[in-house]
1. Over segment 253-344, what number does the Rg to Rh ratio reach, with both radii from the alpha-carbon atoms and Rh per Kirkwood?
2. Of the cross-linked pairs LYS175/LYS233; LYS193/LYS300; LYS190/LYS233; LYS38/LYS120, which ones have a Cα-Cα span greater than 25 Å in the structure shown?
3. Determine the gain in length on full extension of the stretch VAL186-ALA23; use 0.36 nm per residue of separation and subtract their C-alpha separation, reporting nm with one decimal.
4. Please list CYS294, CYS62 from largest to smallest accessible area, probe radius 1.4 Å, with all protein chains kept in place.
5. Taking the convex hull of the Cα atoms, report for segment 20-124 its projected area averaged over all directions, in nm².
6. Multiply the residue gap between TYR61 and PHE14 by 0.36 nm, knock off their C-alpha separation, and tell me the result in nm, one decimal place.
7. How big is the antiparallel share of DSSP beta bridges in the chain, given as a percent to the nearest 5?
8. Please give the peptides 214-223, 52-61, 186-195 ranked by average Cβ packing (other Cβ atoms within 10 Å per residue), highest first, as a rough proxy for protection.
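The values are calculated or read from the model by the stated rules, or taken from the named source; none is laboratory data. None of these values were measured; they are calculated from a predicted model. All Cβ positions, even for glycine, are placed from backbone atoms using ideal geometry, and neighbour counts span all protein chains on display. Calculation scope for accessible area: heavy atoms of the full protein, side chains included, ligands and nucleic acids excluded. Shrake-Rupley method; radii C 1.70, N 1.55, O 1.52, S 1.80 Å.
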Amino acid sequence: MATTFIIVILLLGFLITFQIAKASEYVAVMRGEEKSRKQNNRINAFLLLAFLILGLIGVYYCNEKLGPKILQFGSAASNHGVDVDNMMYITLVITGIVFVITQVALFWFGYKYQESDTRKAYYYPHNNKLEVIWTAIPAIVLTVMVGFGLYYWFRITGEAPKDSMVVEITGSQFKWECRYPGKDKVLGKKFYKMIDEGAQNPLGQLWDDPANHDDIYIPPGDPMHLVVNKPVKLVINAKDVIHDVGLSHFRLKMDAVPGTPTTMWFTPTKTTADMKRENGDPDFVYEISCDQMCGQGHYKMRGTIIVESQEEFDLWMAKQKPKYYFAFPEREPGYKPPADTANKIAAVTPQPK
Ligand SMILES: [Cu+2]
């Protein structure tokens, strides 16, 4: 209904504009071309000025209104985040200055140098020096800005520090699952054909690989735990379509591509408790958003992260049980078969006379 309404309004708008244009054409013929052209030029010049003033007021108003809704500068919660914020801020300032100067010049000149009987246009075809200046300056500024971007990009996606912890994160429609490598610090091998959501193997871990036996699996909905001031390398996977690990508070994002693991590393610099205090929000949580349109449930593909001290992390980790023991409970050290199974074993075991 709303769509039909909008289409009808647009059609009417088009029709009215067309009729006005036609009518003014007839008026022009009746009044004489010359006079009408001059009048049109005056109206256009005035409209250009009005557009400039209203446009700049609009830009200011949008900034006032929407500025507080974007993530604030200075609250980045990772080492790279601070650099990314600075880069963003410098880019905004440079492009902002250029925007205001060029727009004011464009519309003011359009108004100031409108057609006039007392003035003749100055013919100025070419100036090599000017061409060099206005080509070289933007080229240098853009090269520096892109250079900083590339430098940060290569650092974020490059080799992680030696003491980094490793966490694997896997996206699928519409959830995030995590895996920690366990005591051996090696993530066990996986094979996509082994993925079995119902049978304790949602990531397709190969149980023949001993490196898998201590890997900790974090199911969807449970938070990923990270240690403050300790670098973490994320190994990013996807099971179905392309997703994207979006970590807005850390100012990072990286695509999750099926069949091609991607990586990025960062150091969280603020615990969840720090962020709660800093933002005055007792309900603050670090969020993982999916930053690729991945299907109908894309919007609810939300994960959470808890950043805590090493002690808190160790306490939490000590409570985790490797997925291997969920898949093969009888292989867990100290395994006791359920009571009825034990009775059955006793019943078939020959009793000594
Ligand atoms: Cu997704």
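1. Working: Rg = 19.9 Å, Rh = 17.8 Å.
For segment 253-344, the value is 1.12.
2. LYS193/LYS300
3. Using 0.36 nm per residue and subtracting the Cα-Cα distance, I get 50.9 nm.
4. The ordering from most to least exposed comes out as CYS62, CYS294.
5. Its Cα hull, projected and averaged over all orientations, spans 11.0 nm².
6. On the way: separation 47, 0.36 × 47 = 16.92 nm, distance 2.89 nm.
Stretched out fully, the TYR61 to PHE14 stretch lengthens by 14.0 nm.
7. Details: 28 of 40 bridges.
Percent antiparallel among DSSP bridges in the chain is about 70.
8. On the way: 214-223: 17.3, 52-61: 11.9, 186-195: 15.3.
Highest-to-lowest ranking by the protection proxy: 214-223, 186-195, 52-61.
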